[in-house]
Structure formats: C-alpha cells, structure tokens
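Accompanying notes for the structure given below.
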Amino acid sequence: DDVTLEQVREYVWEIPQEGDMRAPARVLASEALLEEITEDKTLAQIKNTTHLPGITNYAICMPDGHQGYGFPVGGVGALDAENGCISPGAVGYDINCGVRMMRTNLTYDELQGQEEELVESLFANIPSGLGGGGIVEAGIDDVDEILARGVDWALENGHAVEEDLLHCEDEGMREGADPDKVSQKAKDRGKNQIGSLGSGNHFLEVQRVTDVFDDEVGAAYGLEEDQIVVLIHCGSRGLGHQTCNDYLRKIEQQHQGLLNQLPDKELAAAPAGSQLAADYYAAMNAAINFAWVNRQLIMHRTRQVFERVFGRSWEEMDMHLLYDVAHNIAKKETHTVDGEERELYVHRKGATRAFPAGHPEVPKAYRDVGQPVIIPGSMGAGSYVLRGGENSMDLTFGSTAHGAGRLMSRTQAKNEFWGGDVQQQLEEQDRIYVKAQSGATVAEEAPGVYKDVDEVVRVSDELGIGDKVARTFPVCNIKG
Ligand code: 5GP
Ligand code: MN
Ligand code: MN
C-alpha cells in the first residue's frame with residue numbers, strides 16, 4: 001500500500017505526518033502482528049483518522065487492531081474537547097460493547113462432569129440471538145430510567161448489589177446521559193432487549209484460571225489458579241446501533257463542511273462546541289448506561305443459574321464482579337499533553353481503558369495495583385486479565401487492546417469452517433462445551449478467525465501499557 005511506516009523503537013511504528021494529516025499515527029505491534037494488517041485497510045484507516053480536527057499527539061492503533069467502519073477496531077483517538085470534534089464512527093456502532101468478569105470460589109475439579117448441565121441451563125436462561133426478548137420486559141419509562149441512571153436502576157430493581165457498582169467503570173453510571181437525546185426508534189429497539197447477549201461475537205463464557213503471572217495483583221483481584229470465573233461480552237444492542245446511526249445521519253446533514261475535509265465519509269464528526277456534539281455525547285452516555293445494565297442483568301441471572309446447578313447461594317460461591325470495562329466509547333478526560341492539562345474526547349473503539357496504579361478513577365479496591373483490564377481471546381484459546389500499566393498514560397492516553405482481533409471476515413470464516421465440526425472438535429480435544437443459536441455463528445467465531453491473543457498481550461505487557469496478571473481457558477460458552 002502507499003502508507004509509509006517507520007519504526008520508532010521495538011513495538012512502536014509511526015506513520016509520519018504529511019499532507020493534510022494533523023498529527024502522525026502510531027501502530028503498536030510486533031512484526032508478526034503487523035504482518036496481519038498489511039493486507040486490509042487498517043493502516044490507511046488509522047492514517048485517515050489523523051485528519052480529524054483536534055487530534056492530539058497521534059492516532060494510535062493497538063496491537064489487536066484491524067479494519068473497521070472508518071476508524072479501525074483497536075483504535076484510540078484523543079480529540080480536543082474544545083477545538084476538536086467527536087466522531088460516532090470512532091466509538092463504534094455497538095456503543096459500550098464491553099466485557100465483565102465475575103469471580104467464583106468454585107474450582108475446575110468441582111465443576112467437571114457438570115459442564116453440559118451448566119451450559120444447557122445458561123443457554124436456557126440467558127436470552128441470546130437476534131430476536132427473542134430480554135431478562136426484563138420494560139416499558140419506555142423504564143428505558144428512560146436505565147438510560148439516565150445505569151446500574152443504579154438495576155440495584156433499585158433487585159438485579160444488583162451495591163458492590164457491583166463499585167467494580168464497574170464509572171461505577172456503572174456515566175454522567176451527562178440524556179435520555180431525551182436518544183430517539184424513540186432506538187428506545188423501541190432496546191426495550192425488549194434489556195438483559196440479552198445478542199448475536200455473533202457476543203458471548204458468555206465460563207472459564208478456569210490456568211495461570212497467575214503476578215501473585216500480588218492476582219491476590220488483589222481475587223484470582224487463583226484452577227478457579228472458575230465467568231466472562232460476559234455484549235453491548236447496547238439495537239439501542240446503541242440505532243443511536244450511532246441516527247447521529248451519523250444528522251452529522252452528515254449538518255456538518256458537510258467538516259465532512260468534506262475528511263478522507264473518509266465514515267469518519268463523520270461533530271465539531272466540539274456544536275449542538276450535535278453535545279447531543280451525541282449525551283445520547284452516547286445514555287447508551288453506555290443501557291449497556292452496563294444489560295451486562296449487569298446477564299451477570300445477576302448467571303448467579304441464579306449457578307445457584308440452581310450447584311445447589312448453593314451465589315454469596316456462598318463468592319460470585320462477585322471483578323470488573324466491567326467498556327471497549328467502544330468516547331469519554332471526556334483530562335490528560336497532560338506537553339506539560340499542559342487538556343480536556344480531550346478520548347475515543348476508544350475496540351480499545352480498553354487501562355489506567356495505572358494510583359489513578360483516582362481506578363476503584364478503591366484496586367487503586368494500589370491498577371485497573372483490571374479484561375482481554376478475551378476466543379472460544380478455543382485463552383483470555384487474559386491485565387492491569388493498567390505504568391506507561392499507558394504517556395503512550396496511549398491510558399489504553400490498551402480489547403481482544404485478539406479478527407483475522408478474517410465473517411463470510412470468509414463461513415467458507416473456511418463448519419459450525420458443527422468446530423463445536424465437536426472443541427469438546428473432544430479441549431473439553432470446551434459450546435452452545436449457540438446457530439451453527440453459522442460458531443463458524444464465524446471459530447478460534448481460527450482470531451489473531452494470537454498471547455502475542456497481543458505480550459506486546460501490551462512489553463510496552464507497559466497493560467501488564468499480564470492472569471490467563472484463563474474456556475470451559476462452557478454460549479453465543480447468539
Ligand atoms: P469484539 O468486541 O471486537 O467483537 O471482540 C472482542 C474480542 O473477543 C475479539 O477480538 C476476540 O478476541 C474475542 N472473542 C470473540 N469470541 C470469543 C469467545 O467466544 N470467547 C472468548 N474468550 N473470546 C472471544
Ligand atoms: Mn459488540
Ligand atoms: Mn466487543
């Protein structure tokens with residue numbers, strides 16, 4: 001391609017500033033990871049994002065980065081909140097797609113033999129797939145409350161305990177959310193989906209901890225080898241998707257001037273200070289709250305499923321939320337840039353916040369060791385728990401990767417894999433029990449469609465943006 005890439009040092013590559021670029025771009029990757037993104041549009045896309053007004057320092061592609069809608073998945077862009085802009089495509093369609101991990105005190109030994117019962121029961125009790133309702137059937141008034149208050153609504157309605165809020169980014173409630181800025185159409189799409197996984201890449205996975213690399217941080221997070229944990233990955237369903245779509249169309253209509261300056265229409269952005277920038281931010285914050293409630297309801301229902309399967313109360317099984325992190329958001333944050341405090345819209349699309357030890361926004365329980373970061377791998381590979389690294393504020397506006405990252409498209413995956421075979425192989429070779437709404441989903445999400453999560457995490461760890469704490473391996477997995 002025509003993208004110039006210069007190596008700055010190990011794992012750090014730069015696309016130098018030229019032409020209408022407002023800053024350089026950086027790619028954080030090993031040579032092996034870099035090779036995976038030379039064929040698609042990832043590099044061109046991260047370069048394009050440097051045309052956005054207010055881009056600060058550089059646009060950054062994380063080690064798991066790959067091609068997305070306009071802005072690459074695995075992209076971080078910090079745009080000045082006074083003179084810059086905010087871009088829905090740089091947040092992503094699935095607003096506050098994210099992951100949460102719940103601990104248990106069960107061991108893999110105790111669980112073995114009950115995998116099938118557990119996977120069946122989870123599948124039967126946790127709504128998934130394209131259609132088909134959520135855990136609660138809500139009216140529009142409830143939707144407004146959820147959008148405004150996030151997990152606080154779940155607490156009041158018996159789907160959470162106080163401690164769940166403390167172990168969630170932003171304590172499960174994003175400030176500045178305005179339900180009135182979310183369209184009726186978006187609310188209608190969301191109201192039957194509260195507490196549902198959705199389809200495709202979203203999943204609930206029971207895992208066992210195979211390695212703890214850092215005993216001190218592992219202890220602070222309550223992680224031990226052989227322990228069973230639960231990982232939940234989903235977002236804001238139709239509500240978030242509709243919200244992204246609504247604002248992209250409005251921005252395209254009202255901010256043609258800015259749009260015409262950008263190399264890709266998919267980067268459409270509202271200038272900071274405009275009415276649409278404020279409206280989108282308020283609507284996005286509301287969709288963020290919706291997604292947190294979604295993951296909270298699924299987690300709480302999972303506690304009830306475990307109670308039935310193992311015949312003990314969830315409290316007895318120590319089923320506490322370790323942490324919930326968003327990986328598709330923008331947030332107004334203060335960062336030090338060239339010795340000066342600046343307000344920035346930090347866009348993290350397929351990127352995870354990774355604040356280091358001592359940062360005031362890290363929950364008290366983890367402040368001494370750093371924010372937990374959860375990196376799913378695939379249904380056949382490991383996943384990781386990291387902690388925000390010392391260098392993250394300097395290198396990545398406090399961010400790291402969000403997964404292994406896709407290697408091939410869904411269409412390609414379906415040509416390459418057959419769902420039934422994948423499922424059978426996982427069960428026979430690795431004792432991983434998968435249950436999905438459709439075989440196509442299993443093929444599209446086969447372990448082979450993802451990059452090597454170990455390599456992604458190694459680069460994050462070496463750069464000191466997110467340090468390895470523990471590794472897990474799948475036991476049961478349900479998908480839409
Ligand atoms: P995304 O949010 O970009 O769709 O996905 C996040 C990451 O989740 C992917 O990059 C991939 O590494 C991981 N992932 C996808 N499916 C599964 C699964 O079934 N189990 C686990 N543990 N990880 C998955
Ligand atoms: Mn998602
Ligand atoms: Mn996601």
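Any read-out appearing in this document is the output of simple, stated calculations on the displayed coordinates, not a laboratory observation. Just so you know, these numbers come straight off a predicted model, no measurement behind them. Cβ sites come from the backbone with ideal geometry, for glycine too, and all protein chains shown count toward neighbours.
Data for the structure
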quantity: Antiparallel bridges, percent of DSSP beta bridges restricted to the chain (to nearest 5); calculated: 90 percent
quantity: Long-range amide H partners of VAL373 with built H, under 5 Å; calculated: LEU386, ARG387, GLY388
quantity: FRET E, pair ARG249, GLN112, Förster distance 41 Å, beta-carbon r, rounded to 0.05; calculated: 0.20
quantity: Folded to 0 to 90 degrees: helix 453-463 orientation relative to the chain principal axis, Cα; calculated: 50 degrees
quantity: Convex hull volume per residue for segment 37-95, taking Cα atoms only, in Å³; calculated: 74 Å³
quantity: Dipole of segment 361-439 [Lys/Arg +1, Asp/Glu -1 at C-beta], most positive-end residue of GLY420, GLY439, GLY382; calculated: GLY439
quantity: GluC sites (Glu not before Pro) restricted to segment 1-92 and DSSP loop, no more than 16 other C-beta within 10 Å; calculated: GLU10, GLU18, GLU39, GLU82
quantity: Sequence-distant residues sharing a close amide H with CYS97 (under 5 Å, placed H); calculated: SER236, HIS327, ASN328
quantity: Segment 430-436 - phi-based ³J(HN,Hα) in whole Hz, Karplus 6.51/-1.76/1.60, Gly and Pro as x; calculated: 10, 6, 9, 9, 10, 9, 10
quantity: Inter-site label distance for GLN304 and ALA124 at 7 Å from Cα along Cβ, in nm; calculated: 1.4 nm
quantity: Cα point-scatterer Debye curve for segment 415-480, base-10 log of I(q)/I(0) at q = 0.14 Å⁻¹; calculated: -0.53
quantity: Eligible lysines near LYS451 by straight Cα distance, threshold 30 Å, same-chain separation 8 or greater; calculated: LYS41, LYS47, LYS265, LYS331, LYS349, LYS414, LYS435, LYS468, LYS479
quantity: Extreme residue, positive dipole direction of the chain, given options GLY222, PRO127, GLN256 (C-beta unit charges); calculated: GLN256
quantity: Segment 348-400, Rg to Rh (Cα coordinates; Rh as Kirkwood inverse mean 1/r); calculated: 1.02
quantity: Surface/4 estimate of mean projected area, convex hull on alpha-carbon atoms of segment 360-440, nm²; calculated: 7.9 nm²
quantity: Compactness of segment 1-111 - radius of gyration and Dmax, Cα, Å; calculated: 17.0, 61
quantity: Leading residue at positive end of dipole, segment 287-343 (Cβ point charges), from PHE290, GLY311, TYR323; calculated: GLY311
quantity: For the chain, alpha-carbon Rg relative to the globular expectation (2.2 N^0.38 Å, N residues); calculated: 0.91
quantity: Net length gained if the chain between VAL337 and ASP421 were fully extended (0.36 nm per residue, minus Cα distance); calculated: 25.1 nm
quantity: Fraction in percent of alpha-carbon pairs per bin - 10 Å, segment 396-440; calculated: 21, 37, 28, 13, 2
quantity: Segment 94-143: equivalent-ellipsoid semi-axes (sqrt of 5 x gyration tensor eigenvalues, Cα, Å); calculated: 29, 16, 11
quantity: Stokes-Einstein D (µm²/s) once Rh is taken as the Kirkwood radius of segment 249-335 over alpha-carbon pairs, at 37 °C in 0.692 mPa s; calculated: 199 µm²/s
quantity: Alpha-carbon Rg with Dmax, taken over segment 271-391, Å; calculated: 17.9, 57
quantity: Under-5 Å amide H pairs with VAL27, H placed in peptide plane, nonlocal only; calculated: TRP13, GLU14, ILE15, CYS61
quantity: Cleavage-rule hits, chymotrypsin sites (Phe, Trp or Tyr not before Pro), segment 141-214, DSSP coil, Cβ neighbours within 10 Å at most 16; calculated: PHE213
quantity: Sites matching GluC sites (Glu not before Pro) across segment 299-334 that sit in DSSP coil, with at most 15 neighbouring C-beta atoms within 10 Å; calculated: GLU315, GLU316
quantity: Additional length obtainable on full extension of the chain from ASP142 to SER438, 0.36 nm per residue less Cα span; calculated: 103.4 nm
quantity: Spin-label proximity, GLU315 to segment 126-167 - amide N less than 16 Å from point 7 Å beyond Cα toward beta carbon; calculated: 158-164
quantity: Convex hull volume of segment 149-304 per residue (C-alpha atoms, cubic angstrom); calculated: 165 Å³
quantity: Note, ³J(HN,Hα) from phi for segment 142-152, Karplus 6.51, -1.76, 1.60, rounded to Hz, x at Gly and Pro; calculated: 5, 4, 4, 5, 4, 5, 7, 10, x, 5, 4
